[in-house]
1. Counting Lys +1, Arg +1, Asp -1, Glu -1, what net charge surrounds Asn97 among other residues with beta carbon under 15 Å of its beta carbon?
2. Ranked from highest to lowest mean number of other Cβ atoms within 10 Å per residue, what is the order of the peptides 154-164, 241-251?
3. Averaged across orientations, what area in nm² does the convex hull of the alpha carbons in the stretch 3-288 project?
4. Please sort 21-28, 208-215, 169-176 by packing, taking for each peptide the average over its residues of neighbouring beta carbons within 10 angstrom, highest first.
5. Calculate how many DSSP beta bridges within the stretch 3-288 are antiparallel, expressed in % of all such bridges and rounded to the nearest 5.
6. Quick one: net charge of Leu221's neighbours, Cβ under 12 Å, K/R +1, D/E -1?
7. Give the residue from Leu221, Ala246, Gly115 lying farthest towards the positive end of the charge dipole for the stretch 106-262; charges sit on Cβ (+1 for Lys and Arg, -1 for Asp and Glu) and the dipole is referred to the Cα centre.
8. Return Ile99, Ile48 ranked ascending by Cβ neighbour count within 10 Å, so the fewest neighbours appear first.
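What follows draws every value from the coordinates through simple rules; no lab data is involved. Note that this is a predicted model, so its numbers are computed, not measured. Cβ atoms come from the backbone with ideal geometry, glycine included; neighbour counts cover every protein chain shown.
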Amino acid sequence: MSLAVRDLRVEIGGHPVVDGVSFDVPDGARVGLIGESGSGKSLTALAILGLLPEGARATGSVRWNDREILGLPDAQLATLRGDDIGIVFQEPRTALNPIRTVGRQIGESVRIHEGVSRREALRRAVVEAERVALPDPERLVSRYPHQLSGGQRQRVAIAMALACRPRLLIADEPTTALDVTIQAGILSLLRTLVEDAGMSLVFITHDLAVLAQVATHAVVLEHGRVVEDGAVDDLLRAPSSPVTQALLRDATATLWHPERSASRAPASEGTDAGTPAATADRTDGEEER
């Protein structure tokens, strides 16, 4: 399945905030939307999913598997969300329900889309928790979000998005709220899950160094418009637009160095950090206790 966005425009109060954005996400591709705050990247993702804030209006075309989905009734879009297209939001602390166990939240989309029993949904939640490398998943699914570390909460959010095995994952700045060590583990996890499942990925970020860890193609936005797009390797070595050049200057040095291939794993995932994702999250948990 593939995603095709054509001349997407989003207006809020008559003011254009996304202005003619077009890009493709072929089956199995990993595409990044990158730009500074206010560039329209998150609103682009919300428009694709039909989750724009009240008062926002989207026009243009968004085709999923050759089917036009922009403007579909919410009931029809709801069948796509979670089942065909999953999304991970930036801040898991607000994305998760504080009064429900994480197991119930991971299994909720399975119950909705597959109609399984509560017991089967809980069993699937344990499987998904293990898949995203959460420690002691059988015990963890009975806990509440506030009892987990930041890295663990983000892994729960990823498990929720992937529980129904969607063909496309949209990740909206999923590591921004995490420190650099935990961030590296989450990026490694996302890349592995997407590659192993053959999913497509749209990864949204303001950090070109982060994007280099998970995406092979990038679409650069400024003031709601595409100013550059191309292979991530090319953008890292020879950015043509002033926006991309500025993003490169600001790239997080601890996650990317010019002498390395952009497609190679960063030092924080190699022998220096050699830290498996689960270890990184244990460190995070120790800091929060």
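1. Its environment carries a net charge of +4.
2. 154-164, 241-251
3. Mean projected area of the Cα convex hull: 14.6 nm².
4. 208-215, 169-176, 21-28
5. 55
6. Local charge sum for Leu221: -3.
7. Result: Gly115, furthest along the dipole toward the positive end.
8. Ile99, Ile48
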